[in-house]
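Novice: Got a structure for you, questions after.
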Amino acid sequence: MSYLPQLIEARHVSEFIVSTRFDDGTEKSIDISQWFKGPVFEPLKDPKFFKRFFIEAGTLCWPNGVDIAPEALYSARESSKKRHNKRIERTRKTRRSS
């Protein structure tokens with residue numbers, strides 16, 4: 001990857017899904033739980049602690065020192081839960097207008 005993305009915005013959506021925006025305008029919702037491997041990630045399994053994330057130097061971070069590199073987030077697949085919710089909203093809007 002020659003482009004090194006920088007995370008510029010992150011917002012909690014639900015469960016362990018974070019809506020992200022990068023410096024090139026790319027936006028996606030990512031299920032962060034895919035990285036919950038090993039003891040350092042144990043605190044993130046607590047929803048209250050998980051929501052304490054912040055951005056530092058373009059990286060998604062937590063108070064216990066855990067971070068997820070922006071290039072890993074950038075290349076991650078978008079959460080299927082988010083796409084599913086969008087389909088439901090579109091279906092409902094279509095049905096109401098018919």
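Novice: For the structure I just gave you, tell me whether ARG52 is modelled with pLDDT of 95 or more, basic (Lys, Arg), out of contact with any strand residue (DSSP E or B) (no Cβ under 6 Å at 6 or more places or on another chain) and more than 13 Å from ASP31 (Cβ to Cβ).
Specialist: yes
Novice: Any residue in the stretch 17-24 that is outside any strand (DSSP E or B) and modelled with pLDDT of 95 or more?
Specialist: yes
Novice: Looking only at the stretch 1-18, which residues are of a type in the set (Ser, Thr, Tyr) and farther than 15 Å from GLU71 by Cα?
Specialist: The answer is SER14, and nothing else.
Novice: Out of everything in the stretch 10-35 that is out of contact with any Pro (no Cβ under 8 Å at 6 or more places or on another chain) and loosely packed, with under 14 Cβ neighbours inside 10 Å, what residue ends up being farthest from SER79 (Cα to Cα)?
Specialist: GLY25
Novice: What's the total number of residues in the stretch 25-56 that are part of a loop (DSSP other than H, G, I, E, B), hydrophobic (A, V, I, L, M, F, W, C) and touching a residue at least 24 places away in the same chain (Cβ under 8 Å)?
Specialist: Qualifying residue count for the region: 1.
The values are calculated or read from the model by the stated rules, or taken from the named source; none is laboratory data. Please read these numbers as outputs of a predicted model, since none were measured by experiment. Note: ideal-geometry Cβ built from the backbone for every residue, glycine included; neighbour counts use all protein chains shown.
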